[in-house]
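Input: a single structure, listed below in structure tokens.
The values are calculated or read from the model by the stated rules, or taken from the named source; none is laboratory data. Source: prediction; values computed, not measured. Cβ coordinates were reconstructed from backbone atoms using ideal geometry, including for glycine residues, and neighbour counts include every protein chain displayed.
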Amino acid sequence: MDKGIPTALLDKYLKGTCSAEEELIVREWYNSFVNDDDQVSSYTNAEKVKLQFKIKQAIESNIELLQKTNPEGVTTSKFSIKRLSYAVTGIAAMLVIAVGLVLLNAQYKPATGVSAPLEMVNIVNNTKIIQEQILSDGSHVWLYPGAKISFPKLFTGNTREVTMSGASFFDVAKNAAKPFIIYSEHMVTKVWGTSFRVRDSKASGFADVTVVTGKVSVKSIKSSEDKIEEVMLHPNEQVTYIKQKEILNSKKRVRESDLDIWKKINLSFDNAPIKTVIPVLNRHYNVNIVSTDEKLDNYLLNADFNGLNFVSVMEILRKTLNVSYEINNTNIILKNNN
């Protein structure tokens, strides 16, 4: 085995104190052993999840021994898989055992290539508006105020993995060969190409996933290897995670009005005053835009909004009319910057 990561980093992962970047490094490390092996890649998702739990058990059972052989651990200021030192080759040996437990002693072939540096992008929405982020695969993520997301600058390997906290809406680019996986505070959401919302933060007593289009699977991040509870969601379905009980509730059909802002609608305005545009947007997207500026109300808008969601429409208005807006409870306050 020629792959390894610092013992101290594994210890943080097991204690749940890793940053978003560090969690992705650990996951990519032991996922690389799975994804690079042809025999393992042919197994089902459930079997791969079980394999990951076996690997984690192997790490946990040997971490103390590795710390004795490398008591100071290894630190790094730049999160780069390529540059991580080889302090845990003993763990790699245990991976072979873990694979054997799941795959009935199938032949295990370690990857021989060298992983490219994992350059991470970290975004925090400290504004009062919903911000859009476009990922390298063409997927779109809209971060609600206070939301955080961490992802590789370029997706490599057989999966596209991101870590998030707070509330975000995803419109994932389709790629059947590379599932899109979201690790939030309490859930793991896997998709191939769809649009949905994830709400999951430490401050709230619950977390949920609601699907608008396509299909996703959701499981608790604390699912045990013997009981992997995975819920499949279709359009207009939602599953809720109850933190106090650490369980996923049964999925249910929902009709949440606050998801109407993500509908893609065709609208056209020909020299229409903003005061007449606002009621149209309110009706189609089920929102409540409020303007308190008479000058702004009389601005004329000439635009075609074809196949756009509400947030994209507001971004166009912001740039073309030099206005700003903020979300205040259920109201969207439109302000004139001129």
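Quick notes
- Considered as a group, the residues in the stretch 284-297 that are over 37 Å from the mean Cα position of the chain (by Cα) and exposed (fewer than 14 other Cβ atoms within 10 Å of the Cβ) include one that is nearest to T320 (Cα to Cα), and that residue is K295.
- Residue that is surrounded by the most Cβ atoms within 10 Å (Cβ to Cβ), among those in the stretch 166-198 that are of a type in the set (S, T, N, Q) and out of contact with any Asp or Glu (no Cβ under 6 Å at 6 or more places or on another chain): S168
- S150 being touching a helix residue (DSSP H, G or I) at 6+ places or on another chain (Cβ under 7 Å) and either under 16 Å from I261 (Cα atoms) or not in a loop (DSSP other than H, G, I, E, B) (or both): yes
- None of L233, L300, L281 is surrounded by 15 or more Cβ atoms within 10 Å (Cβ to Cβ) and under 30 Å from L334 (Cβ atoms) except L281.
- Lone unmet requirement of (1) assigned by TED's automatic domain parsing to the domain that holds Q131; (2) touching a residue at least 12 places away in the same chain (Cβ under 8 Å) for K264: (1)
- Checked against (1) of a type in the set (S, T, N, Q); (2) over 22 Å from N126 (Cβ atoms); (3) over 10 Å from the mean Cα position of the chain (by Cα), T189 passes all but condition (3).
- Any hit, the stretch 293-310, residues being over 20 Å from R197 (Cα atoms), in contact with a Lys or Arg (Cβ under 7 Å, 6 or more places away or on another chain) and either in the same structural domain as N125 (by TED's automatic domain parsing) or part of a strand (DSSP E or B) (or both): no
- Single condition E256 does not satisfy, out of (1) at pLDDT 90 or above; (2) in contact with a strand residue (DSSP E or B) (Cβ under 8 Å, 6 or more places away or on another chain): (1)
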